[in-house]
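The values are calculated or read from the model by the stated rules, or taken from the named source; none is laboratory data. Because the structure is a prediction, the values reported are computed rather than measured. Using ideal geometry, Cβ is built from the backbone for each residue, glycine included, and neighbour counts are taken over all protein chains shown. Calculation scope for accessible area: heavy atoms of the full protein, side chains included, ligands and nucleic acids excluded. Shrake-Rupley method; radii C 1.70, N 1.55, O 1.52, S 1.80 Å.
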Amino acid sequence: MKKNFVAVLAVAGVLALSACSSGAPGAAGGTSSPGGAKGQQVGVAGTQSQIQDISKFCGTKPIKVAYADGFGGNSWRKTTRAVFEAEAAKCKNITSVVYTDAQADTQKAISDINSLTAQGVNVIVSFTDGGPALLPTIKKATAAGVKFVPIVASPGGKPGVDYVDFVSENVDTYGKGLADWTIKQMHGKGNLLMTGGQAGNPYSQAVYEGVKKAVAANPGITLLNTKIGDIPVDTGWEPGKTKQVVAGLITKFGTIDGVVADYGGGSVGGIQAFIDAGKPVPPWSANDSNQFACLWYQYKSTQPNYQIATESSRNWVAIAALHKGLAAYNGILNSEPSTFNLGIIEDSTNPSQQPVCEKSLPNDAILSSGLTVAQQTKLFSTK
C-alpha cells in the first residue's frame with residue numbers, strides 16, 4: 001500500500017510548472033532585498049519534486065532555528081512540527097531548535113516572535129495564523145536580522161523585503177480543484193458545504209475563494225456557506241468540534257450533498273456526524289489523512305454516495321521554508337519553489353488512485369508528510 005501511495009505522489013509531483021497566483025503576496029519569480037539573500041528568488045511556482053537536499057543550505061556557522069506555530073492543537077500541526085525538527089536535525093551546525101505554540105492567540109503569536117528574536121534565533125519558520133496582524137512584528141524581526149519564513153497563511157507584506165519568502169501550496173487551485181471534483185460527484189447540482197479552521201484565518205479564506213470559483217461555473221450548486229455569513233465554517237481544525245458543528249448544519253439545512261474541507265484529519269468528525277444522524281454521507285474532499293481514508297473503506301458498502309478525494313496535506317512545506325531561511329542567513333542562492341502546485345493523489349472513484357488506509361499506522365498519521373512509519377508511530381503514541 002505504501003509503495004502505491006509513493007507512486008501516486010510521484011505522479012502528482014510532475015504537474016506542469018506555472019507562475020500562477022498562490023494567494024501569496026508579491027510577483028512570482030521576483031528577487032529579494034533585505035528579507036533574504038542577495039538575488040534570492042521569491043514567489044517561484046513549482047512542485048514538491050524540486051525541493052533539494054538541505055546540505056546545500058546548512059552552511060558552517062552555528063545557527064539557531066525556530067518553528068513558531070500559530071496553533072499546535074491538532075495532528076497536522078504536530079506532524080508539521082515533527083517534519084521541521086527532523087529536517088533541522090540534518091544540519092550539524094544547527095545548535096538549537098525552538099518550538100512555540102501561540103494557541104490560536106494572535107497576541108501570544110506576537111509575543112512568541114518577539115521572544116525568539118530577543119533570544120537570538122537566526123531563522124524562524126512560522127504558520128502565521130494571525131495573518132496581517134503579525135506583519136509589523138515580522139518586519140521588526142527582519143530588521144533585527146532574523147530570516148523569517150511564513151508558511152501556508154499569508155501575513156501580507158512583500159516577500160523578499162518584509163521576510164524571506166512565503167511558502168505554501170497554491171491555495172486557490174487547491175480549493176477549486178477539490179470543489180471541481182466534489183461538484184462532479186454531485187452531478188452539478190445540490191447543496192455544497194466548505195469547512196475551514198479557526199475563524200478569520202487567511203488560509204481557509206483563500207481556499208474558500210477557490211471553492212467559490214468552482215461554484216460560480218456550476219449554477220446548479222448552492223454554496224451553503226453563503227447562507228451563514230459567506231465564510232468557511234469554523235471547525236477549529238479539530239475532529240470533535242467538526243462533528244459538533246456539522247451536526248448542527250445537518251439539522252439546519254436538512255440536506256448536504258457535498259463537502260469540501262481544508263483539513264482531512266478534522267473531517268473524520270464531520271463524517272461521523274452524518275453517520276450518527278442517519279443521513280447519507282456525501283462526497284467529501286480534503287487533504288489526506290490515514291483515518292479519512294480508512295473511514296471510506298469502513299462505510300463504502302453501506303453509503304453508496306460516499307466518495308472521497310484528497311490532495312497532499314503538504315506538511316513538507318516546512319522543509320522548503322527551512323531551506324529558504326537557512327539559505328538567506330548563509331547568503332546562498334535558493335531557487336526552490338515557494339508556491340507548490342498540488343493535484344489529486346487519492347480518488348475513490350479512480351481505480352488507479354484508491355485511498356490508502358495503512359492499518360499499521362495511527363489514525364492521525366499523514367502518509368504524504370514524508371515521515372516514516374516509525375516516526376509517525378512514535379509521534380502519535382507520545383502523550
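Which number in (1) within 23 Å of VAL149 (Cβ to Cβ); (2) in contact with a Ser or Thr (Cβ under 7 Å, 6 or more places away or on another chain) marks the one condition that GLN354 misses?
Every condition holds for GLN354 apart from (1).
Rundown of residues vs (1) closer than 21 Å to ASP165 by Cβ; (2) under 22 Å from the mean Cα position of the chain (by Cα); (3) in contact (Cβ under 8 Å) with a residue 40 or more places away in the chain, yes/no style:
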| site | (1), (2), (3) |
| --- | --- |
| ASP101 | no, yes, no |
| SER115 | no, no, no |
| ILE124 | yes, yes, yes |
| PHE127 | yes, yes, yes |
| GLY130 | yes, yes, yes |
| PHE148 | yes, yes, yes |
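Within region 339-383, track down each residue that is part of a loop (DSSP other than H, G, I, E, B), open to solvent by 60 Å² or more (accessible area, probe 1.4 Å), at pLDDT below 95 and over 29 Å from LYS324 (Cα atoms).
Correct list: LYS359, SER360, ASN363, THR382, LYS383.
Would you say SER289 is within 21 Å of GLN48 (Cα to Cα), crowded, with 24+ Cβ neighbours inside 10 Å, among the hydroxyl-bearing types (Ser, Thr, Tyr) and touching a strand residue (DSSP E or B) at 6+ places or on another chain (Cβ under 7 Å)?
For SER289, the condition - within 21 Å of GLN48 (Cα to Cα), crowded, with 24+ Cβ neighbours inside 10 Å, among the hydroxyl-bearing types (Ser, Thr, Tyr) and touching a strand residue (DSSP E or B) at 6+ places or on another chain (Cβ under 7 Å) - is not met.
When both residues are 6+ apart or on different chains and their Cβ atoms are under 8 Å apart, which pairs have a first residue that lies in region 46-60 and is under 19 Å from LYS147 (Cα atoms), and a second that is exposed (fewer than 15 other Cβ atoms within 10 Å of the Cβ)?
From region 46-60, the pairs are ILE54/LYS90; SER55/LYS90; CYS58/LYS90; CYS58/LYS92; CYS58/ASN93; GLY59/ASN93; THR60/ASN93.
Note down all Cβ pairs under 7 Å where the first residue falls in region 75-88 and is more than 19 Å from GLN52 (Cβ to Cβ) and touching a residue at least 60 places away in the same chain (Cβ under 8 Å), the second is small (Gly, Ala, Ser) and crowded, with 20+ Cβ neighbours inside 10 Å, and they're at least six residues apart or on different chains.
That search, which allows pairs on different chains as well, returns SER75/GLY265; TRP76/GLY265; TRP76/SER313; THR79/SER369; THR80/ALA318.
Got at least one residue in region 271-284 being crowded, with 21+ Cβ neighbours inside 10 Å and either touching a His at 6+ places or on another chain (Cβ under 8 Å) or assigned to a strand (DSSP E or B) (or both)?
Yes, because at least one residue in region 271-284 is crowded, with 21+ Cβ neighbours inside 10 Å and either touching a His at 6+ places or on another chain (Cβ under 8 Å) or assigned to a strand (DSSP E or B) (or both).
Quick one: which strands (runs of 3 or more DSSP E) lie wholly within region 179-270 and hold at least 1 residues that are modelled with pLDDT under 95, of a type in the set (Ser, Thr, Tyr) and over 16 Å from the mean Cα position of the chain (by Cα)?
none
Name every residue in region 298-338 that is assigned to a loop (DSSP other than H, G, I, E, B), open to solvent by 10 Å² or more (accessible area, probe 1.4 Å) and over 21 Å from GLU87 (Cβ atoms), in order of residue number.
Scanning region 298-338 gives LYS300, SER301, THR302, GLN303, PRO304, ASN305, GLN307.
Suppose we filter PRO232, PRO159, PRO150 for residues that are open to solvent by less than 50 Å² (accessible area, probe 1.4 Å), within 29 Å of VAL121 (Cβ to Cβ) and out of contact with any Asp or Glu (no Cβ under 6 Å at 6 or more places or on another chain); which single one remains?
Every option except PRO150 fails the conditions.
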